[in-house]
Amino acid sequence: MYRIVRIAIAALASVGMLASVAACGSGRSSSEKNGTIEVVASVNQWGTVAKTLGGGNVNVTSIINSTNVDAHDYEPTTSDIAKLQKAQVIIVNGAGYDAWAVKAAQSANATIVNAAAVGGVNDGENPHVWFSADVRKAVAQAITEAYEQADAAKKSDFDKLHDQWKSEENNVESKIAEVKQKSDGLAYAATESVASYLAEDMGLTDATPSGYARATANESEPTPTDIRQFADALKSGEIKLLIVNTQEESELTGKITNAAKSANVPMVELTEQMPEQYDSLTAWMESLVDAFSKAIA
């Protein structure tokens, strides 16, 4: 099962962990010529953060923008690779989530922000790091530093945009703190461990049956015994909340959600990719925290 990682903010601030390469003087994109920084993100979770932090000073492209696409298994197109090669700043998620992007970025002449590396999360650990408040803050700082490295003359503008982003993130964290006051220690289980960082931030305790959790973490099928144990835990009242990843629904997860409904266990449905109706990561996180608050109440 993915190990939940608690990350000290002070340690994150000191790490930085920007892998950078000097910008080349030839083959400049139209964005560079117009005075904007060309930015490419592997997924829209980080792409929206990059846009908020850069404003009109950046041109941001997110390669994956849909919940219908699995970033783990995504096969980049020639066009995707070309975009990465032309970027001045590349933002990847890391921790094995988007290995294709991490590999492609290595040969690009760009500053690379690896979100998982910035957050101290290693390969083999839970890669869904955008659900962690500490990682979001660390990555935002790293992106701002990358922008200021690319265009030092606009440092004051980037600092102002970063402060505005922090205000939005602080609103999310205030809501997280409110939920934690009433839910600290509450037992939950999940069909996929995608939101475990968010659950930990809210003080929830993971009670997902171990056999099921191991199987899903290893991308294998839970056994009938695993499913039965999960259903029994729901029926017994041991589990007070069920988190459902609707992006990975199956006949097996259907059995679990049916058991939850029969036992009147509240559910929070979410996806691992950011839904298209949200224009920022903080807006999505705020909506999810609201959903947890409602379910717990």
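Among the residues of the stretch 52-81, those identified as of a type outside the set (Val, Ile, Thr) and open to solvent by less than 40 Å² (accessible area, probe 1.4 Å) are Leu53, Gly54, Gly55, Asn57, Ser62, Ser66, Ala71, Asp80.
Scan the stretch 43-85 for residues that are in contact (Cβ under 8 Å) with a residue 40 or more places away in the chain, out of contact with any strand residue (DSSP E or B) (no Cβ under 7 Å at 6 or more places or on another chain) and within 16 Å of Lys103 (Cα to Cα) and the total you get is 0.
When Ala140, Ala150 are checked against the criterion of being at pLDDT 95 or above and open to solvent by less than 20 Å² (accessible area, probe 1.4 Å), a single residue qualifies: Ala140. When Ser280, Ser236 are checked against the criterion of being hydroxyl-bearing (Ser, Thr, Tyr) and within 17 Å of Ser132 (Cβ to Cβ), a single residue qualifies: Ser280. Taking the criterion of being among the hydrophobic types (A, V, I, L, M, F, W, C), open to solvent by less than 30 Å² (accessible area, probe 1.4 Å) and touching a strand residue (DSSP E or B) at 6+ places or on another chain (Cβ under 7 Å), the residues of the stretch 91-111 that qualify are Ile91, Val92, Ala101, Ala105, Ala108, Ala110.
Taking each residue of the stretch 143-157 that is touching a residue at least 40 places away in the same chain (Cβ under 8 Å) and looking for partners that are of a type in the set (A, V, I, L, M) and open to solvent by 60 Å² or more (accessible area, probe 1.4 Å) with beta-carbon atoms closer than 9 Å, six or more apart or interchain, yields Ala150/Ala23. For Asp123, the requirement of being open to solvent by 40 Å² or more (accessible area, probe 1.4 Å), touching a Gly at 6+ places or on another chain (Cβ under 7 Å) and not hydrophobic (A, V, I, L, M, F, W, C) is met. Being part of a helix (DSSP H, G or I) and in contact with a helix residue (DSSP H, G or I) (Cβ under 7 Å, 6 or more places away or on another chain) is the filter; apply it to the stretch 263-289 and report the residue that is surrounded by the fewest Cβ atoms within 10 Å (Cβ to Cβ). Top of the filtered list is Glu286. Restricting the stretch 118-136 to residues that are assigned to a loop (DSSP other than H, G, I, E, B) and not small (Gly, Ala, Ser) leaves a set whose member that is nearest to the chain's Cα centre (by Cα) is His128.
Among the residues of the stretch 73-106, those that are of a type in the set (Asp, Glu) and farther than 19 Å from Gly120 by Cα comprise Asp73, Glu75, Asp80. If the condition is being of a type outside the set (Gly, Ala, Ser), open to solvent by less than 20 Å² (accessible area, probe 1.4 Å), touching a residue at least 24 places away in the same chain (Cβ under 8 Å) and not in a loop (DSSP other than H, G, I, E, B), then the stretch 179-213 contributes Val179, Tyr188, Val194, Tyr197, Leu198.
What about Val60, is it modelled with pLDDT of 95 or more, aliphatic (A, V, I, L, M) and part of a loop (DSSP other than H, G, I, E, B)? Answer is no for this residue. Whether any residue in the stretch 214-225 is open to solvent by less than 20 Å² (accessible area, probe 1.4 Å) and free of Cβ contacts under 8 Å to residues at least 24 places away in the same chain is what I want to check. So far as the stretch 214-225 goes, yes, one or more of its residues are open to solvent by less than 20 Å² (accessible area, probe 1.4 Å) and free of Cβ contacts under 8 Å to residues at least 24 places away in the same chain.
The values are calculated or read from the model by the stated rules, or taken from the named source; none is laboratory data. Computed from a prediction, not measured in an experiment: that's the story for all the values here. When we count neighbours, we look across all protein chains shown, and the Cβ atoms used for this are built from the backbone with ideal geometry, even at glycine. When the accessible area is computed, the model is the full protein with side chains, heavy atoms only, and any ligands, DNA or RNA have been set aside. Shrake-Rupley method; radii C 1.70, N 1.55, O 1.52, S 1.80 Å.
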